[in-house]
Amino acid sequence: MQDSLKSSSYQQLEQKSKYTNMFLRWFLYFILILFASYFIFPLYVMVVTSLKTMEEIRQGTLLSWPSGLNLESWAVAWGGRGYGAGDTFLRPYFWNSIKMVVPAVFFSTFIGAMTGYVLTKWRFKGDQWVFLFLLFGCFIPFQAILLPMARTLGVLGVSNSVVGLVLVHTVYGIPFTTLFFRNYYVSVPTELVKAARIDGAGFFKIFFKILLPISAPIIVVTVIWQFTQIWNDFLFGSTFSFGEAAPIQVALNNMVLSSTSVKEYNVDMASAIIAGIPTLIVYVLAGKYFIRGLTSGAVKG
Amino acid sequence: MKTLKIEELSKNFGSTEVLRKINLEIDEGNFLVLLGPSGCGKSTLLNIIAGLETINEGNVFIDDYNVSKVEPKDRNIAMVFQSYALYPSMNVRENMIFGLKQAKTSKEKIEEQLEKVSKFLQVDQLLERKPSQLSGGQRQRVAIGRALVREPRIFLFDEPLSNLDAKLRVEMRREIKKLHQQLKTTVVYVTHDQTEAMSLGTRIAIMNHGVIQQNDTPENIYNKPSNTFVADFIGSPSMNLIKGSLKESSGGISFSVSGSNVEIPIKDYEFIDKSNLNNKEVFFGIRPEHIYFKKSNESDFEINLRADLSEYIGHEQIMTFDYANQEILAKFPSTIKIELAKETKLYFDLTQTSLFDAQTEERI
């Protein structure tokens, strides 16, 4: 008697917990979808607006679906309308940005790797102070160094040029890249370096033959970080360059804020998306390694 | 000619003194083990021999040539590390020949060496593998191989077995021993494991606080420890050090503990210095394995002690006895039954004792 009573009450409890779990699960999905749409919403507005004609934009609402696949505004954003003066479009500035970002990412990553290598594997007196000061570089507000940097670029004769921007971004990237590489190399056994020294390898050989080949995860992290930072930079770009030497973010700003005629929201949206696409591509291609590189660090010998 | 000679060597890290006036000599073909607790400076000494650490004072000679300021690669040494330190991005072949390539050895010579050593260490099937695809024992073997191909004058081992599990460690220990017997090379080997040191070394240098306490054969380290540190460090459980005093009378010298009227005769003991022995405060040292349950030698000394504690560990048991409020440990086969809290008749093997000055803690 008692046993059957017990088992029926267990069944009831089981039912109840099933319902509770189901409810919680649906609630969880609801919340997740809500937040996901919250984040996707601006992108949606950008994409649909870029595909509309100005007529549609004036008449419809923000959310309304475009009448067709109208890519004209994209063409205008990328290549301009084809008339002379005052026509701003992104293509030349896009290449400016590429010319700036590739060497800047390369040099800052390479120098960061070298510095991280020295700070962990060739310890010297006061190295922790060097590292500390480098860390300060991560926290300095960039507005504070605009004037001295402008002067420096002037003295070096590279102001208002892509070369100047490469220099600035390399210099201000080094604190971050050093931090990344130092933390990665700390976990690499120093015995590797000792073994290589006994085998007769020197400073550079150890770096290129032993350490660099096992640095892939942290190189990916650093490249993504630096690429995003430099590509999206507006402050340095707008301060140290103007006119034809400007990177894409500055050009985007000039396009959108030009007050010559009617605001062309579709072209603005298309331009903004074009300016954001390279970083998206980098994330999609290497994002997997980004997470992996951030979470792992230990190299098992 | 000494293969390795270290002369008045001192090393500081900032204000911390790591090594103090180390003197050490190794003859060709010897297997020297540097043994000591962690932080005693043994690894630093090895790194100095390798040239990976600088010297503050003193000199290192290899084959009578002063190498104190010579680069590691030019010292004609090879080293095996605790973490093996195999280059992760290279396969076994590349790992083993990396040093030879750096030294610009001819291709034929490299291939010849590689084949010889990889066959010898049975890693010739693994040459194309990456270190991550090897087991612990295989990595160890490749690390030794990397050292062997260079045909160095001196092999340096830095705790090479401590990353292996217990079973593999015993196996690899035997392999290293075999290796040394076959190749007869000079080896300096750092460990904190006394069993490893005893079984491998032809000589053992016991270190503590940056000073060599005793540099001797394993037999002498075990039988004639030069001070209480060595006596205590070697052996498991370690040597009993009974505090008491010596008495000189017409019948000879005897040892007694205050609070007990038992007098242990010291007959055939080889004193280093026979003067001033009367009333000298000493430690009487006897190992747990030299206390017997049955009389086995004519000279064995009979004594009655109270059994306090019994620790059964399978093939043997460790008994704790009370000797005038001092604990005495003894090791017996576990077949012997001893009742606790009762006086038990025991025999001290007087041929196996050590005496230490209670003040200086040095052997007398």
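Computed quantities for the displayed model
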quantity	calculated
Fluctuation leader among A:K52, A:K99, A:K209 - chain A, Gaussian network, Cα springs under 10 angstrom	A:K209
Choice from B:I272, B:I286, B:I212 showing the highest fluctuation, given a GNM over chain B with Cα pairs closer than 10 Å	B:I272
Low-density loop cleavage sites - chymotrypsin sites (Phe, Trp or Tyr not before Pro) in region A:178-246, where at most 14 other Cβ are within 10 Å (DSSP)	A:F234, A:F242
Order of B:Y65, A:Y93 under a 10 Å beta carbon neighbour criterion, fewest first	B:Y65, A:Y93
Estimated translational D of region B:1-142 in µm²/s (Stokes, Kirkwood radius over Cα pairs; 20 °C; 1.002 mPa s)	124
GNM top mover of A:E244, A:E191, A:E72 - chain A, alpha-carbon springs below 10 Å	A:E191
Taking the C-alpha atoms of the protein assembly as shown, convex hull volume expressed per residue in Å³	315
Trypsin sites (Lys or Arg not before Pro) restricted to region A:102-142 and DSSP loop, no more than 10 other C-beta within 10 Å	A:K125
Size-normalised alpha-carbon gyration radius of region A:123-225, reference 2.2 N^0.38 Å	1.34
Cα-only Debye scattering, region A:127-174: base-10 log of I(q)/I(0) at q = 0.17 Å⁻¹	-0.56
Cα-Cα P(r), chain B, percent of pairs per 20 Å interval	25, 46, 25, 4
In Å, descending, principal axis extents of the Cα set of region B:240-357	45, 27, 21
Shielding by other protein chains, B:66-78, mean Cβ within 10 Å	2
Region B:34-88-region B:304-324 distance, computed between alpha-carbon centres (Å)	44
Chain B - mean residue ellipticity at 222 nm from DSSP helices (-39,500 (n - 2.57) per run, n ≥ 4, rounded to 500)	-7000 deg cm²/dmol
Exercise: per-residue mean of other protein chain Cβ atoms within 10 Å, B:79-85	6
Isotropic mean projected area of the C-alpha convex hull, region B:81-231 (nm²)	9.9
With at most 10 other Cβ atoms within 10 Å, longest stretch of chain B clear of loop GluC sites (Glu not before Pro) (DSSP)	B:129-269
Calculated P(r) tail over 21 Å for region A:2-70, as whole % of Cα pairs	58
Percent of C-alpha pairs per 5 Å bin, region B:164-298, short to long	2, 8, 15, 16, 16, 14, 10, 7, 5, 4, 2, 0
Residue-wise HN-Hα coupling along region B:354-364, computed from phi with Karplus coefficients 6.51, -1.76, 1.60 (Hz; x: Gly, Pro)	10, 10, 10, 5, 5, 7, 7, 6, 8, 5, 10
Dimensionless Rg/Rh of region A:144-301 - Kirkwood Rh, Rg from C-alpha atoms	1.10
Rough spin-label spacing in nm, given labels placed 7 Å along Cα→Cβ, for A:K263 and B:E270	10.2
Binned Cα-Cα distance frequencies in chain A - 20 Å width, integer %	24, 42, 24, 8, 1
Within chain B, longest stretch free of exposed trypsin sites (Lys or Arg not before Pro) [DSSP loop, at most 16 other beta carbons within 10 Å]	B:185-266
Region B:290-335: mean projected area of Cα convex hull, nm²	3.5
D (Stokes-Einstein, µm²/s), Kirkwood Cα radius, region A:31-111, 1.002 mPa s at 20 °C	135
³J(HN,Hα), Karplus 6.51/-1.76/1.60, whole Hz, each residue of region A:107-113, x for Gly, Pro	5, 5, 5, 5, 5, x, 5
5 angstrom amide H check on B:M79, placed H, neighbours 5+ away	B:L156
B:D124-B:D308 FRET efficiency (beta carbon distance; Förster radius 41 Å; 0.05 resolution)	0.10
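Read-outs throughout are calculated quantities, based only on the coordinates presented, and are distinct from any laboratory measurement. These numbers were taken from a predicted model, which means no experiment stands behind them. Don't worry about glycine lacking a Cβ; one is built from the backbone with ideal geometry, like all the others, and counts go over all protein chains shown.
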